[in-house]
Each structure stands twice: as C-alpha cells, then as structure tokens.
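Nothing in this text is a laboratory measurement; each read-out follows from the coordinates by a stated rule. What you are looking at is a predicted structure, and each value in this text was computed from that prediction instead of being measured. As a convention, Cβ positions derive from the backbone with ideal geometry for all residues, glycine included, and neighbour counts pool all protein chains shown.
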Amino acid sequence: MAATETAARPASGTGTREGTYAGGLVSWLTTVDHKRIGIMYAVFAFSFFLLGGLEALLIRLQLGSPENTLIDPDLYNQLFTMHGTTMVFLAIMPLSAAFFNFMVPLQIGARDVAFPRLNAFSLWVFVLGALFLNASFLFGGAPDAGWFGYANLTSTQYSPGMRIDFWVLGLQILGVSSIAAALNFIVTIINLRAPGMSLMRMPLFTWMTFVTSFLLILAFPAITVGLVLLMFDRTFGTSFFNPAAGGDVLLWQHLFWIFGHPEVYILLLPSLGIISEVIPTFSRKPLFGYPFVVYSGILIAFLGFGVWAHHMFAVGLGPIANTVFSATTMLIAIPTGVKIFNWIATMWGGSLRFKTPLYFAVGFIAMFIIGGLSGIMHSSAASDLQQTDSYFVVAHIHYVLFGGVMFALFSGIYYWFPKITGKMLSEGIGKLHFWLMLLAFNLTFFPQHLLGLHGMPRRTFTYQEGLGFEAMNLMSTVGSLVLGFSILIFLWNVVVSLRKGAKAGPDPWGGATLEWAIASPPPHYNFRRLPRVHSRDPLWAEGGLDVAVNDPEAPEPHMPSPSLWPFILAVGIIVAATGGLTHSVPLALAGAAVVVASTYGWAFQPLER
Amino acid sequence: MRNDLRRVPREAGFALFAVAAVVLLAGCGGPYPQSALDPASDFATRLDDLFRGIFFWAVIVFVLVEGALLVAVFRFRDREGKRRPEAVHGNTILEISWTLAPAIVLVLIAVPTFRTIWDVDRPTRDPDALVVEVIGHQWWWEFRYPEYGIVTANEMHVPVGRTIDVRLTSADVIHSFWFPRAGGKRDVLPGHENHLWFTMDSTGVFPGQCAEFCGLSHALMKMELVASSPAAFAEWVAVQQRPAVGTGAAPVPADSLAAVSEETLPGDTLSAELRQILETGQQKFLQSGCIACHRIAGTPAAGVLGPDLTHVGSRRKIAAGILDNTPENMAAWLRDPTTVKPGSLMPNLNLDEDTIRTLVAYLESLK
Amino acid sequence: MTDDAAATAEGHYTSTGLPNRKLLMWTFIGSECMLFGSLIMTYLVYRGRSITGPYPEELLNIPFITVTTFVLLMSSLMMVLALAAVQRNDMRQGKLWLLMTALLGTVFLGGQVYEFSHFLHEGLGLSTNLFGASFYLLTGTHGAHVFVGVLWLLSLFVLAVRGRLDARHAETVEITGLYWHFVDVVWIVLFTLIYLLVS
C-alpha cells in the first residue's frame, strides 16, 4: 500500500523489549500510556473471563444430571451470581475498555487520551474493585442474590452477613472506574481528533466507543442511586425497599433496569464497532452505508433508555406499560437489523479473505441473528410471560453476549493482536479455535431455548426427574466443557504466537484506518507527526496519507510523565470501601483521607515533567 | 492462500452438518409435563398461538438473512487474480427498504401482541370466577379460597371450565407463580397484589415452579395444579372444608357425605386403630413445637407461618412439590427439614424415631 | 513554523477549540444530572407514602430555607464576580470574591446542618420513615456536593493568597464556576420540589 511506504520506516526501539513495553513493576504501576493501560485491561479482563468461565463450568457440571449433589445450593447461588457479575463487569466491559484504550487514540490520530492519569486511575480502580469483589469468597462467601440483586431478597433480613455488602460496594467502585473512563473517552473523541477528521470520517469502532461512553455516564447513575438506597437499608435501617414501612421493592427493579438495559448496549455497541471494521478490511471494500451504521448505533443507544421494563413484563405493571415497552423494544430491532444488512452488503461484491478475524465476524453475525430473533420473541410482552425467568432467556442472553459480543471481541483480538504485540496469531490454531468454539457454543446454548419453553426456570441449582429436562441439560453441559476447551486452544495460540509467531509489519491486513500507518507495536508517542485526514478510510485514499507520520526527522514528541497518584487514589477508595464494609469508621476515614490527599497530590503534579 | 480457498467449502459443509445435528439433538427428550408448548388452558393457548405466530416470522427472517450471509460468504470469496472490488459506499433505496421491511414484520408481530396483552393483562370480568388467593413464602405456596373458607398449601385444585381469578402476593420476598401449561407467569411481590386468570380446558395434574430467584431453595419451591371435573372439585372442596379427621368439631354437610369414604369420616365411624393413631399423634403434634407454625383445623394448632396441615395426608406431594407424599418421605422431612430443603425455616426439631413414627402415621391420616 | 513550534502546536491542538477540562466538566455535569434525577425520582415516588410521621408539612420551614436558598444564589453571583476578577488579573478582587463564594456556601451548609438537627430533634431520623430517608439522602447528597465545592474554592483562595493563582489560570476558575453554578441550579430544583410543592 502506498500510504505505509511513504510513511517511512517505523521508529526504532518499538520492539517488546525496549520502548513501548519496557520496564518492571513500578513502570507498569505508574504508566499513563494508553497502550500499556489497554494491555493491562486486557490481561486482567481475560483472567476474570476465565474465572467467570470456571464458575459457569461448575454450574453446568451441577446441572448435568437431575438432583445432582456436586454443588450445594449455597455455593451454586454464589456461582451464578458471580458468573453474571464477573462476565458483565469484570470481563466484557474491561475487554472492550482494553480496545478503547489501545485503539481509539490511534484511530483518531492522537498521541494519547485527553486525561492520561485519569485513564490509569480507571484501570486501577477496576483492578482493585474486581479483587475487592472476589475477596468475598474468602470472607464469608460471595454475593448470592443474582447479578441483578432484587430487593427485598437483598435486605439484611433475607441476606444477612457481608455478601451483599461486598456486592453493593464492589459495584459502586467499578462504577467509578467506568464513569471516569467514559468521561475521558468522550473528551478524547470530541477534542483530540486529527485535523480533517470530522465526526463522520471517524472509524466505526471509535464512533461506537463514543456512543457507549455516553451510555455509561448516563446509565450508571441510576444503579449508583439504587445501590446507595440498598446500602442505606442494610447499614442505616432505612426502608427504601421494605414493604412493611411503605417501601416498594419495584423501585429497585426500575432503577436497576434503567441502568441495566443501557448496560447491555454498553456491552454490545463496542463489538458492533469492531465488526464494522473487520468486515470492510477483509472484504477489501469500504463499509456499506456508513452514515446509516452510525445513525443506527446512536438510535440504538437512545432507544435503549426507553425499553427497560421489558425485563419486568411478569411484574404486573399493567397493560399500558407492557404495551409501550413491547413497542419500544420491537422498535429497537430496526436499527439493529439495519447494521446487519449493511454488513452483508459490505461483503456483497467484495473480495473476502478468510482470515481468522473474518471467521469470527461472520460467526458473530450468524449467532447474533439468532440472539436477536429470540429477543424479538421476548419483546412480545404476552408471549414473554412464558419465556421470562426461564432458560429461554438464558439462551437469548448467551446468544447475544457470547455468540455475539465474545465472538466479536475474539474477532477484534485476532485483528488487532499484530498491532498490539508485533506478532501474528497462528491462522491454523485460530481456525481450530473458531470451529470448536462455534460448535461447542451452539451445543451448549441452543438446547436451552427448548429447556425454557418446556418449563425449566432459571437460577435453579437443580431440577427433578420426569420433567424432560435431562437430555438437553446433559447436551448443554457437554457443550460447555468443549467450549472451555476451545478457550484453552485460544490461550495456546496466544502463547505459541508470542513466542514463535511471525513478525507483523505495520499493516498485515491492508487496513483502512490510521492505526495501520504506524509500527507494530507502535512507538510510545504513536505518531511522530500527527496525521491529516481528508476522507474516511484514510489509508485507502488515493496516494495514502499525505503526512509522514513516522518521519524520524521530526522531533520526538514529549509525552506525559508516569504518576503513582492514580494508583494511590484507587487504593484510598478501596480502603474507604473496606471501612464501609466492616462498619469501621476509622478505616473509612483513613481511606477518605488518602483520597483527599492523593487528589491534591495529583492536582498539583504537572502532567509533563 | 490456496489452502484457505479450498478449505472454506469443506469447513462449511462440516459446519452445516454440525448445526443440523445440534438442532435435531435439541429435540431429544420428553415427555414434557411442564411445557409451555403444551397448553391446557385458554390463557396458555393464547400465549402459545402468539408465540407460534412470532416463531413463524422468526424462521422466515432467519432463513432470509442467514441465507444472504451464506451466499455472500461463498460467492464473494477472494480468488487468485481477482481485482480489487469496486468501492460501493451505499444505496439509499436499499437502506429505506431494509428499514421498512423489518418494520412491517414487526407490525405483524405487534398487533397480535398488543391484542393479547390487553386481553390477558386486565382483570377478568367474569362474575362467576373462582377467586384463589396465592401467597408466596420461602419456599412454599399458600392457597386460599375465600369463597369456600379453605386454606391449603402447594396443591391448587381448580374445576375445569370455570374462570380462575388468581390474586397473588408474597409474605416475604419476590417469587413467581408459574404453571406453564395453565399460562404465563406472574411475579408475587410483598406489598403488592397481582392478578392472573385462566380457564383450564382439560383435567389432569400440572406441575409448576417458582420462577423468580428467591433464595437458597428457590429450585425446590414447586407446586401442582390439579384440574378436575366440577363434581370432583366440589368433593375436594367439601373435604377441605371439614376440620381434621377425628376432631369431629363441625358437622359434615349432608350432600357431601355420599362421596366420602368410611376411613375419613369424623367421629365414631373411625376404626379403633385409626382413632388411636389420631389421638396419640395429635398429642405428639401439640407437644413437639409444631403448633408454632402449623394449623390443623379442629385442634388447638393454629400457627400461620407454615403450611396448613389439616388435610396434608390427602396431598400428592410434600415439601412444596419435591417429594412424593409417602411415609418414608414424610419421615425424612421430619427427621431434618433443612437437609431436604436447605435454608428451610422449619428447624430440625431433633425428634426421636418413635415420635417421628407417630407423627408420620398421624399426618398421613389427615386426609 | 519550526519543528518545535509545530510539535507544541500539535500538543495543544483540539478539534473544537474548547479546552479538554471544560468539556470534561460539562460531560460530568451531564452524568450528575442523571444522578440527581434518580434521587429526585426516589423522593417523588415516596412522597406521601410514609406510614408514620413526622410528615413534611409538619417540619419544613419554608421561610428559613428561602433565606438559605437566597444565600446560595448570591454565592453564585460571587462566583461570577470572582471569575471576572481573575480574568482581568485583579487578584485582590479575585481573592475577595472567591472567599465570599466559599463563605456563602458555608453559610448555606450551616443552614442545612441547623435544619437537619432541628428535624432530628423533632423525631425525624434517617430510618424513621420514607420521608426521612429520601429527604436526608437527597438533600444530604446535594450538601456533600456543596461541601466539595467549598473545599475546592478554599483551595483556590489559598493558592491565590500564595500568589500562585492569576489570569493564566482563569480557565480553572471558570471550570470551578461551572461546577458551582450546577450545584446551585440543582438546589433550585430541590427547593421547588421539596419545599414549594409540599403536598
């Protein structure tokens, strides 16, 4: 490609031993480089993905036969609660964040995000919050009231002990991380785009990051308030969710789902962005209907705030509410469909190169269609009265979140791994990973549609014989074991490729967007000279980039200095939270003091030294 | 490169086979006594019809869209010497078409949806409906029939052909009332009263389960719906209305005497053996702390925290639908309820085997 | 343009011409709107549903709170004056108005503390009834925001006293003002919904 050739050889010192990824523990603890932060997000997120997967395997082993006694109900309830909480908050969101972090500044032609230290802060709060939440396993048991924690099961009367307090505080901490990151990315995307990159010339992944960030800052406050109300009930004896004193258990459900539904779009939209990049690249054709794909993403986010009560169709809200929310839920299928059609149209007439990223992208579309169709079935409030709270929902959510989001995230991993590490992942192992995962995934989750329709409720630690649930549960369990194995295949691919994989140049796929103009992995300042953009798909433009972004003659840009304050502030938050958890005023005050002191320390430390 | 190209059709063939296998395998198993796809009431039939209508459109969309995807994947594979494809940026007419087409399909789904919602979601207007009050507890179901003055647990009897007007609430946390073959579910919430109604169109015993996570033994909170002919239902009502066997507290209505067997008649028609069981059993029951939570009409036991046991011997299952009602199971329950149902609010009373034997005989006699 | 100047220009380049920190504050305020919105929704949902007293009609002292509301509004005026002073590098006035803003904010907080202790004395605690819980939580959250703002203003005041705040930092003062005015506007909404529209 002309562009990368005229951009000159990438700057030296970009290998993994020097430059971008150099340094020991202190270096990584104090880094404010979006790329290193992105890598840490990915490593931690994937570790929690494995933990959540282990929790799922235990669930499936228990359900493999009727009235099984492998896992007792107490442990089971902790497992399914933590599986949900872990996958949503500690795996998928941070994995998406890993990509936001690494890719967005590259895609918009920037050297870093708008607030590098705030970025590091988001990472450390996430890591420490995740550890805080999982520490519950060691201190009296993990949260066990479901990832959705319905009141009044979560009151001290029905959930004594610290488990729910771990959950409440843990989620609050994670909320701080997410909101801080979202604020950062909104400002970054609004303000740090390269000259010439109007909003309608931004890569789709950056667009979806932008929309997701707005969802985050507007949706999280609702659950923050819900969690505060629950915390007050549990700690100070208020009656927000106590029916005996006039409280309404439904208030929790409304607040939770006003957050919870946008949350699923927070999980999904980044993946839609990834697919919108992978498909054009491997079709060697620009994205069909770019404006429509952008607008449909915005519309999905907007409408996503108006569908929350479709999680409450069996609650008895009445025919007016159920009709309205049925209608809005059906409406949201339209922009979703528009995206799918545009992706197919992108491939249509293209020249499809079947590398692993494209396999996962096509797999995503295929599985997401199924998940979307079961979603349509749910959208009908009356029909949903049979489906809600049964395994049909479990099938639906896993088709959209695993067959959908995880497949897309794997597509992104295979796509951007060369850029991030400078090595190519093995195509052979990648394809084995894909086929095994696709088969195992369907074997695990397809039967669950039928289990639900045949009357198996969800969140049950066992089931009796004679209801016809045995065969499909067994199938699902076998599938889950193969699914777990397919993840090991992926890990094997990563290990083997990091050691002996082929070296990746700046642009192994012939990509269109700015990240492919620089070395793999990029130098710590990304672009030696900031690019100028005149169209979408800048690297595919006639003549490529007109600025030599890697020109070694340009002065080496001065980057923000590392800082320990973000980490210290994060520690302060955890200390304060532990004080709240243990009802220890001294500990809470100590944590608050650390928070205040490190806020001042951070504020008075110059960004560049 | 060439290997990639040749491998795609082979891989795809394997994939198609695998998918078909999974779909077919998923149809394995059965029968399904708790299935929503086997409606036995007007409510369940309405929902099933609606579901099938939506499923029809879902299959069409599935075939068309997945088909388009597969065609694209096969037809536009990169081949040796293929030129770089033409950069097509969009087509407004296509965009409008594939926005409108799904919208139309959605309207076709929305209209029957809204009709069904408005029919099933509003309270019944049938003046002859049988009102049944359902109260969810951790982890059992209380059923009250105000029209007949009956209180029972875990086994809900209804007559076929009459509208059943169910009023739902909870005594503790949120549960969900679900008999799939009788219709959709409705959550039971503390501090709220919810409504549900249905008319059974066939007799039989239909299993159901709590469908909202409610704690440790959520999976063990089951119930049975017994739909019987109006005559059989009337018999059941008559029996339930009587106080416990052997208490002789209230006279039996004359017109229900005929359907009652000799063994369950109160007063002096009881055999000496049965009378002995009832006397010693009732004594043990009153002494062992059971009365703190349980009621047996006609005796001093008037607890309301646990299921009403006046006619427990006549129920098909015990412990909220998870154990068949046999003396062995009853004994196991009394020996340690918390082992049978983790978290059970009925404590282990540390009863000796003798007491258990007596109590089991007594309770099984309460038909 | 020399390479160094180009690099500097690159470093401070923004797509909109607006400073990053100002955009950050506006976006943060958007998020805070949703936070207060959810708290307000909780208060309104539970209005009139307390099973036991004391009830709002018995306790809310509208004349008193009108005065403290006026004080908070005046503090916003002080903030405007502070920003104008700093922008024209009149740090004498700047220090004065920054301090006044913080002072009036503190007076407002004092009024809140007085009101809370009066209510407590009358038997309204956090866990007494739904009114207590939702009232204290909503106004307490607002008060916490005011408190943070006062600390922030006092920090700027101290910096100014030490000669480390002047017209070059006008942007910082402007962003502080944004936060302060937002907190004030939230109070107007709260005052209207809780006090003026007491049912």
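Stokes-Einstein, applied to the Kirkwood radius of chain B over Cα pairs at a viscosity of 0.692 mPa s and 37 °C, places its translational diffusion at 133 µm² s⁻¹.
Other residues lying with their Cβ under 12 Å from the Cβ of C:M25 contribute a combined charge of -1, Lys and Arg counting +1, Asp and Glu -1. Sorted ascending by nearby beta carbons within 10 Å, beginning with the fewest, B:Y145, C:Y55, A:Y391 become C:Y55, B:Y145, A:Y391. Counting Cα-Cα pairs of the stretch A:428-549 in 10 Å increments starting at 0 gives whole-percent bin shares of 11, 24, 18, 18, 15, 11, 3, 0. Every pair of different Cα atoms in the stretch A:479-556 enters the Kirkwood calculation, which places the hydrodynamic radius at 15.2 Å.
Ranked from largest, the principal axis spans of the Cα set of chain A equal 73, 60, 46 Å. Run the numbers on chain A and let me know its relative contact order in percent, using alpha-carbon pairs under 8 Å that are six or more apart. Once normalised by length, the contact order is 21 percent.
Here the stretch A:104-231 is treated as a sphere whose radius is the Kirkwood value from Cα pairs; by Stokes-Einstein at 4 °C and 1.567 mPa s it diffuses with a coefficient of 79 µm²/s.
Here the Kirkwood formula puts the hydrodynamic radius of the protein assembly as shown at 32.7 Å, using every distinct Cα pair.
How long are the semi-axes of the ellipsoid equivalent to the stretch A:564-609, from square roots of 5 times the Cα gyration tensor eigenvalues, in whole Å, largest first? Show your work: numbers first, answer last.
On the way: eigenvalues 119, 15, 4 Å².
Working from the Cα gyration tensor, I get semi-axes of 24, 9, 4 Å.
Shown here is the pair-distance distribution of the stretch A:200-329: with all Cα-Cα distances grouped in 10 Å bins from zero up to the longest one, the shares run 12, 32, 27, 17, 8, 3, 0 percent. Each pair of Cα atoms in the stretch C:21-196 enters the Kirkwood radius, and Stokes-Einstein at 4 °C and 1.567 mPa s then converts it into a translational diffusion coefficient of 76 µm²/s. Cβ-Cβ distance of B:T99 and C:I29, R₀ of 30 Å, FRET efficiency by 1/(1 + (r/R0)^6): the value works out to about 0.30. For the stretch B:37-132, with equal point scatterers placed on the C-alpha atoms only and solvent neglected, what are the log10 I(q)/I(0) values from the Debye formula at q = 0.11, 0.15, 0.16, 0.18 1/Å, to two decimals? Taken in order of the listed q values, log10 I(q)/I(0) reads -0.59, -0.83, -0.89, -1.01. Other residues within the sphere of radius under 11 Å centred on the Cβ of B:S202, judged by their own Cβ, net out at -1 (K and R +1, D and E -1).
Look at the dipole of chain A built from charges on Cβ: of A:W124, A:G237, A:M40, the Cα furthest out on the positive end belongs to A:M40.
Taking only C-alpha pairs under 8 Å that are 6+ residues apart, what is the relative contact order of the stretch C:99-199 in percent? RCO, the stretch C:99-199: 32 percent.
Among A:451-460, A:489-498, what's the highest-first ranking by average C-beta atoms within 10 angstrom per residue?
A:451-460, A:489-498
From least to most packed, judged by other beta carbons within 10 angstrom and beginning with the fewest, C:C33, B:C290 follow the order C:C33, B:C290.
Placing unit charges on the Cβ atoms of the charged side chains and taking the dipole of chain A about its Cα centre, the candidate lying farthest along the positive direction among A:L75, A:I173, A:G140 is A:I173. In a reduced charge model with +1 at each Lys and Arg Cβ and -1 at each Asp and Glu Cβ, the protein assembly as shown shows a dipole moment near 4080 debye about its Cα centre. Using the Cβ-Cβ distance between A:F236 and B:A331 with R0 set to 51 Å, the FRET efficiency works out to roughly 0.65. Listed by chain and number, the lysines whose alpha-carbon sits under 30 Å from that of C:K22, ignoring those within fewer than 8 places in the same chain, are A:K35, C:K95. Note on the stretch A:339-474: Rg/Rh from Cα positions, Kirkwood definition for Rh, rounded to two decimals, is 1.07. In the protein assembly as shown, the DSSP-assigned H stretches of four residues or longer account for a calculated mean residue ellipticity at 222 nm of -19500 deg cm²/dmol, using -39500 (n - 2.57) per stretch and the full residue count as denominator. Toward the positive end of the charge dipole of the stretch C:21-196, with +1 on the Cβ of Lys and Arg and -1 on the Cβ of Asp and Glu, the farthest Cα among C:W180, C:P56, C:Y195 is that of C:W180.
Between B:S271 and B:S202, full extension at 0.36 nm per residue minus the direct alpha carbon distance yields a gain of 21.1 nm.
Rounded to the nearest 20 debye, what is the charge dipole size of chain C about its Cα centre when +1 sits on each Lys and Arg Cβ and -1 on each Asp and Glu Cβ?
The calculated dipole for chain C is roughly 220 debye.
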